[in-house]
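Every number in this text was worked out from the coordinates using simple rules, so none of it is lab data. In this text the structure is predicted, and so the values were computed from the model without any measurement. Please note: Cβ atoms are built from the backbone with ideal geometry, for glycine as well, and neighbour counts cover all protein chains shown.
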Amino acid sequence: FFFVLIPPPRYHFRKRVDTMDSDRKTILVVEDDPQNMLMFREFLGIYGYNALCAGNGEEGVLKAVEGRPDVILMDIQLPVLDGFGALERIRGSEAASIPVIAVTAHFHDREALLASGFDDFIPKPVDLDALNSRIEFYSTK
């Protein structure tokens, strides 16, 4: 499933940053679609975040524990280990306190996602301003 990120008007006036910087917040994106991952990386770089990427749920758990990102963006339908399984493992690890936001086109029951342990939910296609607001909110908690 492919989705399109619609950039806000100010998108073109920001400079993308490609290197990891310890002064910036790090966001882990767990997404199996290469095009979606590319769009997330572009968005995060433009908005001044470090992007840490994982292509499946198991890799996402490892990167959450090892990398200790400020926020995790998690797709639900993932290979190897789905988003619910990955979330359960993260919540049972040293990374348990990291906010995890579900980002999916296939599951729109916000209350069920929150009840399963996700901190928030953003539907695909993703509204970049809403995503940025949620990242800012959860990365400053």
Counting only residues 5 or more apart in sequence or on a different chain, those whose built amide H sits under 5 Å from that of ASN50 are LYS25, THR26, ILE27
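Please work out how much length the chain gains when fully extended from ARG110 to GLU88, using 0.36 nm per residue of separation minus the C-alpha to C-alpha distance, in nm with one decimal.
Working: separation 22, 0.36 × 22 = 7.92 nm, distance 1.72 nm.
Result: 6.2 nm gained on full extension.
Which order do the peptides 49-57, 89-97, 30-38 come out in when sorted by mean C-beta neighbours inside 10 angstrom, highest first?
Numbers: 49-57: 21.3, 89-97: 15.0, 30-38: 17.9.
Peptide ranking by packing, descending: 49-57, 30-38, 89-97.
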Taking only the alpha-carbon positions of the chain as identical scatterers, the Debye log10 I(q)/I(0) at q = 0.12 Å⁻¹ comes out as -0.42
Summing +1 per Lys or Arg and -1 per Asp or Glu among the other residues with Cβ less than 12 Å from ILE135's Cβ gives -1
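Would you mind working out the magnitude of the charge dipole of the chain relative to its Cα centre, with +1 at each Lys and Arg C-beta and -1 at each Asp and Glu C-beta, to the nearest 20 Debye? It would help to have the intermediate numbers written out before the result.
On the way: 15 positive and 22 negative charges, 98 e Å.
With only Lys, Arg, Asp and Glu charged at Cβ, the dipole is about 480 debye.
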Sorted largest first, the C-alpha extents of region 51-92 along its principal axes in whole angstrom are 22, 22, 13
In nm, the gap between the two label points placed 7 Å beyond Cα toward Cβ at LEU62 and PHE137 is 3.3
Once both label points are put 7 Å beyond Cα along the C-beta direction, the LEU38-ASP127 separation in nm becomes 2.7
